[in-house]
Amino acid sequence: MARIAIVTGGTRGIGRAICEHLTQDGFTVIANYGGNDAAARAFTAETGIAARKWDVGDHQACLDGCAGVEAEFGPVDAVVNNAGITRDGTLHKMSFDDWNEVMRINLGGCFNMAKACFPGMRDRKWGRIVNIGSINGQAGQYGQVNYAAAKSGIHGFTKALAQEGAKVGVTVNAIAPGYIDTDMVAAVPEPVLEKIVAKIPVGRLGEASEIARGVAFLCSDDAGFVTGSTMSINGGQHMY
Ligand code: CAA
């Protein structure tokens with residue numbers, strides 16, 4: 001029977017590419033999404049992959065959403081915590097809401113989804129959790145104290161949960177993408193983005209599929225000895 005994977009924020013950008021790669025690898029994939037119904041409908045029409053809506057920052061919504069997926073498709077074998085938002089701004093302009101929403105969704109979402117799915121993985125002695133961190137959680141970034149803190153938190157969360165999963169067949173890893181050609185990066189003001197791209201040794205933005213391939217490997221049986229790791233995929237921008 002096909003393994004079941006949930007990819008949060010799965011209908012657009014990096015998440016969509018992850019859904020497509022995991023499907024190619026034989027998973028039955030369910031894309032979670034938070035708000036954009038039109039994009040989700042288009043995604044399902046184009047890919048044939050199911051999309052289910054809930055807010056990953058809402059603890060009960062994650063428990064209910066994952067229970068619904070399990071009732072419909074079966075036990076969840078892999079979770080990719082990809083959903084994330086930016087609310088960029090220098091600290092003196094950043095509101096508490098800008099801080100809190102990024103922490104709630106980007107970091108809180110990882111906890112909420114793990115609470116929903118990790119216990120079943122433990123019981124069944126097999127599971128894969130892949131958390132999407134960021135180069136900006138490793139190196140920091142001007143105008144992103146909220147996002148950098150949340151992503152850095154994801155890297156710590158990954159290493160801690162990996163220690164709990166290791167003996168029960170559940171691997172927990174992170175990928176730290178650099179600047180990838182997505183709507184999120186396209187929202188960075190052009191002159192700022194030009195300066196950032198100039199600092200990428202490979203000389204270009206990354207492609208969503210280049211992140212998705214890494215995720216697919218970490219979700220595979222081949223990656224059973226890889227846990228607690230952070231795979232940096234950033235064109236050499238930060239060698240860490
Ligand atoms: N280092 C030092 N100074 C910097 C700087 C940097 N990296 N970036 C900007 N500054 C300086 C500017 O030169 C400017 O100084 P002067 O006034 O002396 O010229 C000052 O800071 C203000 O800069 P802005 O005009 O850009 O200020 P703003 O308030 O309009 O915008 C900002 C601030 C919102 C942070 C904007 O600079 C910005 O969007 N930066 C990009 C942030 C970023 O990289 N976000 C990544 C989003 S994608 C993502 O997060 C995915 C991922 O995981 C990689």
Pairs under 9 Å by beta carbon, first residue closer than 12 Å to R87 by Cβ and of a type in the set (F, W, Y) in the stretch 135-148, partner within 9 Å of the ligand (Cβ to nearest atom) and modelled with pLDDT of 95 or more, six or more apart or different chains? Y147/G84; Y147/T86; Y147/D88; Y147/S134; Y147/N136; Y147/G137; Y147/Q141
Can you name the residue in the stretch 199-215 that is among the small types (G, A, S) and under 19 Å from the mean Cα position of the chain (by Cα) and is also surrounded by the most Cβ atoms within 10 Å (Cβ to Cβ) among such residues? A212
Among what's in the stretch 162-180 and is away from the ligand (no atom under 11 Å from the Cβ) and open to solvent by 20 Å² or more (accessible area, probe 1.4 Å), pick the residue that is nearest to I18 (Cα to Cα). G169
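Just to be sure, is A149 under 20 Å from G74 (Cβ atoms), small (G, A, S), assigned to a helix (DSSP H, G or I) and open to solvent by 20 Å² or more (accessible area, probe 1.4 Å)?
Details: under 20 Å from G74 (Cβ atoms): no; small (G, A, S): yes; assigned to a helix (DSSP H, G or I): yes; open to solvent by 20 Å² or more (accessible area, probe 1.4 Å): yes.
Considered against the rule, which asks whether it is under 20 Å from G74 (Cβ atoms), small (G, A, S), assigned to a helix (DSSP H, G or I) and open to solvent by 20 Å² or more (accessible area, probe 1.4 Å), A149 comes out as no.
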Under 8 Å between Cβ atoms, at least 6 apart or on separate chains: pull out the pairs that start in the stretch 178-190 with a residue that is free of Cβ contacts under 8 Å to residues at least 40 places away in the same chain and under 14 Å from R204 (Cα atoms) and end on any residue that is open to solvent by 70 Å² or more (accessible area, probe 1.4 Å) and more than 8 Å from the ligand (Cβ to nearest atom). D181/E207
For the stretch 50-64, how many residues meet the condition of being touching a Gly at 6+ places or on another chain (Cβ under 8 Å) and under 22 Å from L22 (Cβ atoms)? 6
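Taking the criterion of being under 19 Å from M239 (Cα atoms) and at pLDDT 95 or above, would at least one residue in the stretch 115-124 satisfy it? Break it down stepwise before answering.
Initial filter on the stretch 115-124 (under 19 Å from M239 (Cα atoms)): none.
Scanning the stretch 115-124 turns up no residue that is under 19 Å from M239 (Cα atoms) and at pLDDT 95 or above.
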Among all residue pairs at least 6 apart or on different chains, which show Cβ distances below 9 Å where the first residue, located in the stretch 207-226, is over 30 Å from A186 (Cα atoms) and the second is buried (at least 16 other Cβ atoms within 10 Å of the Cβ) and of a type in the set (S, T, Y)? A223/T171; G224/T171; F225/T171; V226/T171
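Restricting attention to helices (runs of 4 or more DSSP H) lying wholly within the stretch 59-139, give those where 2 or more residues are within 16 Å of the ligand (Cβ to nearest atom).
Numbers: elements: 59-73, 96-102, 108-124, 135-139.
Fully inside the stretch 59-139 and qualifying: 96-102, 108-124, 135-139.
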Out of (1) under 14 Å from the mean Cα position of the chain (by Cα); (2) away from the ligand (no atom under 11 Å from the Cβ); (3) over 23 Å from A78 (Cα atoms), the odd one out for L218 is which? (3)
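The values are calculated or read from the model by the stated rules, or taken from the named source; none is laboratory data. No experiment lies behind these values; they were computed from the predicted model shown. Ideal geometry is used to build each Cβ from the backbone, glycine not excepted, and the neighbour counts take in all protein chains shown. We work out accessible area using only protein heavy atoms, side chains counted, and drop any ligands, DNA or RNA first. Shrake-Rupley method; radii C 1.70, N 1.55, O 1.52, S 1.80 Å.
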